[in-house]
Amino acid sequence: MAIDCEDQELLDGFLAETTELLEKLDDDLISLEKSPEDADLMNRIFRSIHTVKGASSFLGFDMLVKVTHKTEDVLNRLRKVELTLTPEIMDVILEAVDLVKTLVADIKGGDIVERDLEGTIAKLIPFLSENAVEATVLAPVFAPKEEKAAAPAQAPAEAAAAEAQAAPATPQEAKAEAKSEPAPSQQVAPAPQPKPQPVKEPQKAPAKGGGEDLADNSTVRVDVKRLDDLMNQVGELVLERNRMIQLHSDYQAGLSPADFGDDFGKLSKRLNFVTSELQMQVLKMRMLPVEKVFKKFPRIVRNLARDLGKEVDLVIYGEETELDRSVVDEIGDPLIHLIRNALDHGLETPEQRLAAGKDRTGTVVLSAAHEGNQIVISIKDNGRGIDPDKIAKKALDKGLVTDEQVAAMGTREILDLIFLPGFSTKEQTTDLSGRGVGMDVVRTNIRKLNGIIEIKNEVGQGSEFILKLPLTLAIIQSLLVEVEKEVYSIPLASVIETMRVSKKEFHMIGGQEVLKLRDSVLPLLRLQQTFGCQEVYTDRDTCYVVIVGVAEKRIGLIVTRLLGQQEVAIKSLGKFLSNLPGIGGSTIMGDGRVALIVDPIGLVGGAA
Amino acid sequence: METALAKVKSEEYGGELIQLVSFNLEKEEYGINVLMVREIIRMLNITRVPNTPHYVEGVINLRGKVIPIINLRKKFDLMDAEYDKRTRIMVMEVVGELMGFIVDEVSEVIRISEKEIQPPPPVVSSGIEQECMAGVINQAERLLVLLDLEKMFSADERRLFSNVA
């Protein structure tokens, strides 16, 4: 059935608002489970569902109304403490919210599909009858005798919905209507009840929508202040341009070259300042808080923990850390994989934990922070850690490595084996893990973003996965190097260190040039050979090695000279040259020439 | 822009006058539909791009846009020649992408009638693939080879272009 809605604007408004509310709802529900006494939170949740119900009935989405209506009823009883929140109730409510999301997604997709609502609704209904209350309420501190109250409370709520339905104009108005209505209904409903408990004050939580981003990524909401700042900077830029024109005409009118030089120097300094400011502002507008990704994790962790029979505390730090939209879009999947792994492989069951002398409840810490030009995201658990022997054995069993290879590996290399495609320590494939694709996906995604992944591990104490990602993908800090008179740019995010070495220090191992670097052996790659540059300097016996890291791999690139660090804007090479191995793009340098950007991912992959 | 182009094209196949930019390669004259040509520029610094077919000379910065440059001499297996002050880069839009082609010299824009275009002779001895010859124009004093660059970058060729290691 196609959607027949006369007013597309109305529908868009409804979708935007509902999506926003639902996103928030997940988060709120999980918090509610942790602090069931929070009346504000409870009311906010109730209001969200109520708003969705009102708006959908106004627009005639019957299926949505059905589900939200029942959900609202259950929430209403929870709110009035006729029901006590149990994980079972929460499961059902979350299921209902998921169903609502599916329905909304259908509407968004433009086609309403007939979906099975009865299953979910049937699960909700038991919580609406008296007996069920007796049966499910585990701690009946408040005698659940006033089940009738549900009815009067429901009636005004429905009236509110009817009001909303009747509301003529925009969904905003409908929403306003719906929002104002529950307040009186709340006050009316408890009145006939002889309940001794304090009636929860219907506090008006401000509508949270304002500053938040929509789930769909095609439009951006930008802080007005940021826009004003931008306008200011553009104004400055125009001023500088005028000065430049003025200076040129002065010069033509006979300004002495010395004065011109002076003025021009000043001008370029100011111009430099203004443009870097401008660049910052525009970058900032593209920034999103990482919260956008993080906020879906409490829900995921909760469900996983229940499925796995584990007790988990998820602690989140630094969700306000901002990073570029393009990065935000890409890190979701890798993070989900890592969190799943932490719960599934990392954390033990409560019994095992107690036996190991740890707290019953395991902890997963998800944190984000800025570190220079990078963002560092870490997922840390205090579970059993990764056992290198087990990893090595598994990799051998699966035939991913040979005995000799394992014998030559240090602990670090062994841990890196988990990133191999097809690797899995689980005996059995579950819907959570075991198919051996997880870490491979993580690595691929992180590499795509020019990121680095590190593992910190302590057997028995837990493990930590650290992702280091660049802040943005459009403008990068890069190291300019010279390879036999040709200039290449290496993304600084993947450069770990540079060093000057004598060619005598290179060794050959199995046809591969390597360098002994402190306690590890570093494979080397001659950029001159890889890129087929003509050899110009044949008499030099020292050169520079740029050590780049991609995800967990390290490799040394041999270059002729280091030219310095520069911020470069990435330009595409167009579709004809897009798949060149080892070349990730190009950039235009100060003198107008094009310099190619080295793609460390391609090089590291090629050398391995 | 796109539709305007298509319109002119359809007219030109109806036997209308068409305009060609003529250029030289190894003393031979070639022609290309003027609507394909975006601009003609002098030689610039070309940045070599590794691991590309030999006829890809590299990339240049065309007012902030990086575009690939193809040496038509190399493409057609003609003898290499030094660049001189007459060497030009013809910037064209080929299958939706800007590209530059290095030619020995750009001479003029000529008008010819559609009817003057003859099918290419069956045997072509030079390295120019048969497919990218759209026809031959035989006027009193001159012989012009009409090129179709879109065909030069047929699907096959394009794949080759990007995957050459």
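The values are calculated or read from the model by the stated rules, or taken from the named source; none is laboratory data. None of the values given here were measured: they were computed from a predicted structure. Note that we place each Cβ from the backbone using ideal geometry, even for glycine, and neighbour counts take in every protein chain shown. Areas reflect the complete protein model, heavy atoms only, side chains present, ligands, DNA and RNA absent. Shrake-Rupley method; radii C 1.70, N 1.55, O 1.52, S 1.80 Å.
May I ask you to verify whether A:Ile490 is open to solvent by 20 Å² or more (accessible area, probe 1.4 Å) and either in a strand (DSSP E or B) or out of contact with any Leu (no Cβ under 6 Å at 6 or more places or on another chain) (or both)?
The answer is no for A:Ile490.
Pull out all pairs, ordered by first then second residue, where Cβ-Cβ is under 6 Å, the residues are six or more apart or on different chains, the first lies in the range B:68-80 and is on the phi > 0 side of the Ramachandran plot and open to solvent by 20 Å² or more (accessible area, probe 1.4 Å), and the second is in a loop (DSSP other than H, G, I, E, B) and at pLDDT below 85.
B:Asp77/B:Gly127
Here is a check on your reading of the model: is A:Thr560 more than 29 Å from the chain's Cα centre (by Cα), among the hydroxyl-bearing types (Ser, Thr, Tyr), away from chain B (no Cβ under 14 Å) and open to solvent by less than 30 Å² (accessible area, probe 1.4 Å)?
Yes.
Give me the residue from the range A:503-537 that is in a helix (DSSP H, G or I) and basic (Lys, Arg) and, out of that set, farthest from the other protein chains (Cβ to nearest Cβ).
By that ranking, first place goes to A:Lys504.
Here's the yes/no breakdown for (1) in contact with a strand residue (DSSP E or B) (Cβ under 7 Å, 6 or more places away or on another chain); (2) open to solvent by less than 10 Å² (accessible area, probe 1.4 Å); (3) over 28 Å from A:Val293 (Cα atoms):
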| position | (1), (2), (3) |
| --- | --- |
| A:Leu29 | no, yes, no |
| A:Phe58 | no, no, yes |
| A:Phe61 | no, no, yes |
| A:Lys66 | no, no, yes |
| A:His69 | no, no, yes |
| A:Val74 | no, yes, yes |
| A:Val81 | no, no, yes |
| A:Ile89 | no, yes, no |
| A:Gly109 | no, no, no |
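Could you list, in sequence order, all residues of the range A:482-502 that are away from chain B (no Cβ under 14 Å) and touching a Lys or Arg at 6+ places or on another chain (Cβ under 8 Å)?
Residues satisfying the conditions are A:Ala493, A:Ile496.
So A:Thr538 ticks every box in (1) without any contact (Cβ under 8 Å) to a residue 12 or more places away in the chain; (2) among the hydroxyl-bearing types (Ser, Thr, Tyr); (3) closer than 25 Å to A:Gln374 by Cβ but one. Which box is left unticked?
Of everything listed in (1) without any contact (Cβ under 8 Å) to a residue 12 or more places away in the chain; (2) among the hydroxyl-bearing types (Ser, Thr, Tyr); (3) closer than 25 Å to A:Gln374 by Cβ, A:Thr538 misses just condition (3).
Taking interchain pairs and intrachain pairs at least six residues apart, which have beta carbon atoms under 7 angstrom, with the first residue in the range A:515-526 and under 14 Å from A:Val548 (Cα atoms) and assigned by TED's automatic domain parsing to the domain that holds A:Val501 and the second among the charged types (D, E, K, R) and open to solvent by 40 Å² or more (accessible area, probe 1.4 Å)?
A:Leu515/A:Glu505; A:Leu522/A:Arg554; A:Leu524/A:Glu513
Is there any pair with a first residue in the range A:306-335 that is touching a residue at least 60 places away in the same chain (Cβ under 8 Å) and a second that is open to solvent by less than 40 Å² (accessible area, probe 1.4 Å) and part of a strand (DSSP E or B) whose Cβ atoms are under 6 Å apart and which are 6 or more apart or on different chains, and what are they?
Short answer, once both residue conditions are applied: A:Leu323/A:Ile375; A:Arg325/A:Leu288; A:Val327/A:Leu469.
For the range B:59-75, enumerate the residues that are more than 8 Å from every other protein chain (Cβ to nearest Cβ) and either out of contact with any strand residue (DSSP E or B) (no Cβ under 7 Å at 6 or more places or on another chain) or under 17 Å from A:Gly582 (Cα atoms) (or both).
Correct list: B:Arg63, B:Lys74, B:Lys75.
How many residues does the range A:564-606 hold that are crowded, with 16+ Cβ neighbours inside 10 Å, more than 9 Å from every other protein chain (Cβ to nearest Cβ) and within 27 Å of A:Phe506 (Cα to Cα)?
Result for the range A:564-606: 8.
Check A:Gly510 against each of (1) within 30 Å of A:Pro388 (Cβ to Cβ); (2) modelled with pLDDT of 85 or more and name the one condition it does not meet.
(2)
What number of residues within the range B:76-126 satisfy the criterion of being part of a strand (DSSP E or B) and either within 14 Å of chain A (Cβ to nearest Cβ) or of a type outside the set (Ser, Thr, Tyr) (or both)?
The qualifying residues number 23.
Mind checking which residues of the range B:30-58 are among the aliphatic types (A, V, I, L, M) and away from every other protein chain (no Cβ under 12 Å)?
Selection gives B:Ile32, B:Val34, B:Leu35, B:Met36, B:Val37, B:Ile40, B:Ile41, B:Met43.
Take A:Leu524 and decide whether it is aliphatic (A, V, I, L, M) and open to solvent by less than 30 Å² (accessible area, probe 1.4 Å).
In short, yes.
Give me the pairs: first residue in the range A:577-596 and on the phi < 0 side of the Ramachandran plot and at pLDDT 85 or above, second residue basic (Lys, Arg) and in a loop (DSSP other than H, G, I, E, B), beta-carbon distance under 6 Å, and six or more apart or on different chains, which are they?
none
Mind checking which pairs have a first residue in the range A:352-379 that is open to solvent by 40 Å² or more (accessible area, probe 1.4 Å) and a second that is part of a loop (DSSP other than H, G, I, E, B) and of a type in the set (Gly, Ala, Ser), Cβ under 7 Å, 6 or more apart or different chains?
Close Cβ pairs satisfying both conditions: A:Ala369/A:Gly318.
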